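Note sheet for the following structure.
The values are calculated or read from the model by the stated rules, or taken from the named source; none is laboratory data. Source: prediction; values computed, not measured. Cβ: placed from backbone, ideal geometry, glycine included. Neighbour counts: every protein chain shown.
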Amino acid sequence: MKTATASRKGENGPNGRGARPLWGMIQAALCAAVLLFPLLASGQQSRPSEYQVKAAYLFNFSRFVSWPATGAGDSGGSFAICVIGRDPFGPVLDATLAGENIGGKKVIARRVALAEQATGCRVLFISASEESRLREILAALDKSSVLTVSDIAHFAERGGMIQFVLQGDRVRFEVNLASAAEARLTLSSDLLKVAVMVRKAAPSGE
Amino acid sequence: MPAAKPTSLSGKLTRLSVLVTATGLLLACAAFVTYDFVSIRRALVRNLSVQAHLLGSSSVAALVFNDRVSAENTLAALRAAPNVVAACVYSAEGKPFAAYRRDPASSVPGRVELPTGDEEKQWFDRGDVMLVGRIVFQGHPTGFIFIESDLQAFWAGMRRYLAISLCVLVGALLVAVGLSTQIRHEILRPIEALADVARALTEDRNYSVRAAGEGAAAEMAILVGAFNDMLEQIEQRDRALREARDDLERRVQLRTAELEAANKELEAFSYSVSHDLRAPLRSIDGFSLALLQDHGERLDAEARSYFERIRAATRRMGLLIEDMLNLARVSRAEMRRERVNLSAVAHAILADLRKTEHSRAVDCRIEENVEAEGDAQLLRVAMDNLLGNAWKYTSKHASARIEFGQMRANGSRVFYVKDDGAGFDLAYAGKLFGVFQRLHGMSEFPGTGVGLATVQRIVHRHGGRIWAEAEVEKGATFYFTV
């Protein structure tokens, strides 16, 4: 999105008419293009990094999941995608979600420290740093209709809903359908179709 | 087509019905096939579009989560659609993501794009129909789908339609010909019957035939009725004419018989009168002579001259009676037809006349070997009268010429007797051949006025004609045919 806007500005500039204001705009556009160029170049030409892909997937999961009508996440007019624990995305997540909408709600990124703070989120990414506190976090979110995503090993087995797995350098995911159903979340069959594995049994008590 | 034989109504009707049916059916078939061509093609494209949409939406998750295998599995479902040659899912940038090929020869475009705002684009290429559609997921352009389908199903459909149309065309034509034969038969039977009757009429002139008109259409029934009425009228008129003619013939025969009877009666009467008149006449003559001879010396000269005049009148009356009897004989005598040499007859008559008056200088010119067909005695009587007249009416001239010969006029043979004697005024020609009709005084030329009447009767009995040309003091010519 940004790419297109930037390049369009750069193209449109010389075609404009007028004296001083126009020249100023051209200068500004040129400056913006020069400033943005390294970022654009890295985004377009090299393969996206693992967390760029994961950030995009976080957003894309949201598009294949339906939340119950009176979910806890309805507070406020925005659609929150939260990260708990040490944030592996950095600015990438914010950049990915910028300007996106789901169901007419603006998608925003939030960082939370405690599981209780995450009940207002639609999606919660549980950082690997939280592996030791996973059971508590999941318990705190019980029945609050939050889609839990993580790259912690065996996350799906341990009651999480979507777990990233790496196949070579490709990011893929496993789904625990029972956990999602408990939280009254409906996952699209299209999503299940592209999942590496879909678990349907109730989470095994560890 | 040679104009040797006029085409029959039947042939024309058959051709007409076949032509009308064939034209109608061809037009209808052409319309149907054209309609089907357009609609089947449109349906084909619509189906392809639906297929592309389904494939596109099934491939969204695979595209979003970069799962090529899942997308390829989705596309592999196209094996069930044998018309699809190739299909490919493209990323939002237009790069191939997952492809399906029906056979190794199939290919997909290396890159696709659609103008902003267009959702779909179709085109026909290499006999196939191609379609590129945009995959949109929740308002986001997510990728493209390309699908190529061959038109074999379309052409198979068209072939089937053409075959059905052809079958319908042939079937309908056969039915039309069959029906038209039936109808034609109904229409034509009375016309053909009428034509047969008309032909029989012109060939045989038999007006008693009638045309059969049962089972005909109203117009035909009128025609046949009028035709039969006409025949009826012709026949009635024929009958009336024949009756009138027969009646006329009967009446003519009746009149002729009556006339013949009257004529015979008249002839018999005149013959018997003439015959019976002779006896008293002989008594008058005989007793007049006896009176003169026995008592002549006792009578004076005046009385004797009276007696002489009585006797002269008596002789004249005897001549008249003789001529009358001759005329009656000429009318009654039996006819025997034979070849008669008129030249010889003329020579003999003129020789006799010369003997009676050998002092006269008469130049006689007789054409030799003139022959006629007729009764020898009657023709001799006729020639005798004609030549005798010529001799008599030239007697006042010092020198005379009498001619006999033949000539041709209006294709028939005409005989003539010509003299250069006293002649007569043609104004009186009508009286010429009447009995006792004379154009000259008794004192001028003696005669009874029966001669030419006799000649005319003889000529008529031979079925001929007689006429004359003359000029006073220049001579007369009598022509006759037999």
Counting only strands (runs of 3 or more DSSP E) wholly inside the stretch A:133-206, the ones holding at least 2 residues that are away from chain B (no Cβ under 14 Å), touching a strand residue (DSSP E or B) at 6+ places or on another chain (Cβ under 6 Å) and under 23 Å from A:Gln52 (Cβ atoms) are A:147-150
Regarding B:Leu55, is this residue within 14 Å of chain A (Cβ to nearest Cβ) and within 30 Å of B:Thr142 (Cα to Cα)?
-> yes
Kindly provide the set of residues from the stretch A:108-154 that are surrounded by fewer than 21 Cβ atoms within 10 Å (Cβ to Cβ) and of a type in the set (Val, Ile, Thr), ordered by number.
-> A:Ile108, A:Val112, A:Thr119, A:Ile152
Which pairs do you get when a residue that is more than 22 Å from B:Asp375 (Cβ to Cβ) and in the same structural domain as B:Asn385 (by TED's automatic domain parsing), found in the stretch B:337-365, comes within reach of a residue that is of a type in the set (A, V, I, L, M) and loosely packed, with under 11 Cβ neighbours inside 10 Å, reach meaning Cβ atoms under 9 angstrom, with the pair 6+ apart or on two chains?
-> B:Ala361/B:Ala398
Given (1) more than 14 Å from every other protein chain (Cβ to nearest Cβ); (2) in contact (Cβ under 8 Å) with a residue 40 or more places away in the chain, index of the condition B:Tyr35 fails | (2)
Counting only residues that are at pLDDT 80 or above and closer than 17 Å to B:Lys12 by Cβ, how many does the stretch B:193-222 have?
-> 2
Name the pairs whose Cβ atoms lie under 7 Å apart, with the first residue in the stretch A:91-120 and within 13 Å of chain B (Cβ to nearest Cβ), the second crowded, with 17+ Cβ neighbours inside 10 Å and of a type in the set (Asp, Glu), and 6 or more positions between them or separate chains?
-> A:Val107/A:Glu100
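Please pick out the residue among B:Asn385, B:Asn369 that is free of Cβ contacts under 8 Å to residues at least 60 places away in the same chain, of a type in the set (S, T, N, Q) and in the same structural domain as B:Met407 (by TED's automatic domain parsing). Write out each step before concluding.
Details: B:Asn385 fails: free of Cβ contacts under 8 Å to residues at least 60 places away in the same chain.
Every option except B:Asn369 fails the conditions.
Residues of the stretch B:440-475 being in a loop (DSSP other than H, G, I, E, B) and crowded, with 17+ Cβ neighbours inside 10 Å, which ones? Spell out how you get there, then give the answer.
From the stretch B:440-475, those in a loop (DSSP other than H, G, I, E, B) are B:440-450, B:462-465, B:472-474; that's our starting set.
Those that are in a loop (DSSP other than H, G, I, E, B) and crowded, with 17+ Cβ neighbours inside 10 Å: B:Gly447, B:Thr448, B:Gly449, B:Val450, B:His462, B:Gly464.
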Is the stretch A:127-145 home to any residue that is in contact (Cβ under 8 Å) with a residue 60 or more places away in the chain and either under 15 Å from A:Leu185 (Cα atoms) or among the hydrophobic types (A, V, I, L, M, F, W, C) (or both)?
-> yes
Taking B:Asp67 as the residue in question, decide whether it is modelled with pLDDT under 90 and within 14 Å of chain A (Cβ to nearest Cβ).
-> yes
Out of the residues in the stretch B:400-415 that are crowded, with 17+ Cβ neighbours inside 10 Å and small (Gly, Ala, Ser), which is farthest from the chain's Cα centre (by Cα)?
-> B:Ala400
